[in-house]
Structure formats: C-alpha cells, structure tokens
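Where a number appears in this text, it was derived from the coordinates with a stated rule and is not lab data. Owing to the predicted nature of the structure, the values given are computational and were not obtained by experimental measurement. With ideal geometry, Cβ positions are generated from the backbone for all residues, glycine too; neighbour counts draw on all protein chains shown.
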Amino acid sequence: MTSPLPSSPAGSVLDLAPVLPVAVLADAADAVPLARALAAGGLPAVEVTLRTPAALDAIRAIAERVPETVAGAGTVTTPEQARAATAAGARFLVSPGWTEALLAAMRGCGVPFLPGVSTASEVVALLERGVREMKFFPAQAAGGTAYLRSLAGPLPQARFCPTGGIGPQTAPEYLALPNVGCVGGSWMIPAEAVAAGDWGRIERLARTAAGLRGAGARCR
C-alpha cells in the first residue's frame, strides 16, 4: 500500500517526519535498500537530489518497490527537471531557489513542492503567490535559527524545512521553532555506510533522527 501524504492543504511534506533525509545516490541499486532502512527507522520520506545521473532511476525504483516511502526529488532547478522527476514517480519536489518559470512548472506537476528561500523578500513573494511551505536554504549560512525566529513574528503563515549545514546537534534547535515543520539533512546517510551496504547502521541513525521532534520540544 502506498504511503499517503498527510491530510493538509495540498498534502504537506513538512508533516511526514521531523527529519527529511537528503540522499545523493551514485548508483540507483542503492535506492531501494536505503529507502527501506530509512522507513524501518521511522523516516517515511526521502529527498533524492538530482545531482547524479542515477537520480531519476533511483526515484523510480523507490516509487515502484518501496510503497511505504514517499520519494521526492531535490535540487530541482529547471522546469524540465520538475516534469522528469514527477514522471519518474516523485511525490514532492524541492528546489534550492525559485524563478517564476520554475514555480509554475512545480505547481503544474500536481505534487507538493518546497521552493527554496533565504530572504524575507523571497518569502513575501511566495506568500503573494499562495505558497506557504518553503525550503530555507542554506540554513546555517543564511542565518540559522535566529533568522527563522525573526521571520516568525511578521510572517507567521510561512512554514519551513531548513536545510544546509544542519546535523543531529543543531536539528532540535530548529524543530523547536514554531515556523519549522521539519529539517532536511544527510547525516543519517553516511556515504561510507551506503558504499558498504551497511543498511543496519542507516536504520539506527534514522531511528535517532526520527526521535528529534521530542528533543526539539524540550528546547522551547
């Protein structure tokens, strides 16, 4: 049975888990065991970045063979990539930034999407266009939790998935913010573990990451 997106406006990626794993896969054969390990650890979604030639095949494999996982595409930078990723089975799209053309293409794909922002003006521009859920990138370099906390007052309707430079130590600080739905990161997918096929290690790291929501609440 295919894992559904939660019931919310457009189905929100931000509500699937406290952490959205970000995967860069050089070999599509790693996609299925990786997705299964993440799901077993309590992370039911994965963002496969379109940074390698294997990315679309990896998304397709997860979509076809791991129905308990919501597979999405990250590093979407062109309308063509948005359409190709959706055709491969991506159920959400994530971009590092946005243009009018890219935004229109992602909206036209009919799946939830998180356009990237790093300034208040970009957030306001998206809110004007009816987009309320966004990726905050690069999170640490763009101001981190202090910047997002500053946005919560004047722009409380915006919700974010901060990504970029976040690890298990800093993730709870982000998750404690009222305008953060989840954080994106790759620390639970060490490259050496993928290369060695150590899916048990990835499952253990995923389980720890899945428990960070409570840690975030304690930081409030």
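What to note about this one:
- For the pair V32 and E122, label points projected 7 Å from Cα toward Cβ lie 3.7 nm apart.
- Rounded to whole Hz, the Karplus (6.51, -1.76, 1.60) HN-Hα couplings of region 198-212, x for glycine and proline: 8, 6, x, 5, 5, 4, 5, 5, 5, 5, 5, 5, 5, x, 6
- Full extension of the chain between A196 and Q157 gives 9.7 nm of extra length, using 0.36 nm per residue less the Cα-Cα distance.
- Close amide H partners of G185, meaning residues 5 or more places away or on another chain with modelled amide H under 5 Å apart, are L20, V22.
- Label-point gap, in nm, between R83 and Q169 - each point 7 angstrom along Cα→Cβ: 4.6
- Dividing the alpha-carbon radius of gyration of region 15-218 by the rule-of-thumb value 2.2 N^0.38 Å gives 0.96.
- Extension gain, R132-Y147: 0.36 nm per intervening residue step, less the Cα-Cα distance, totals 3.7 nm.
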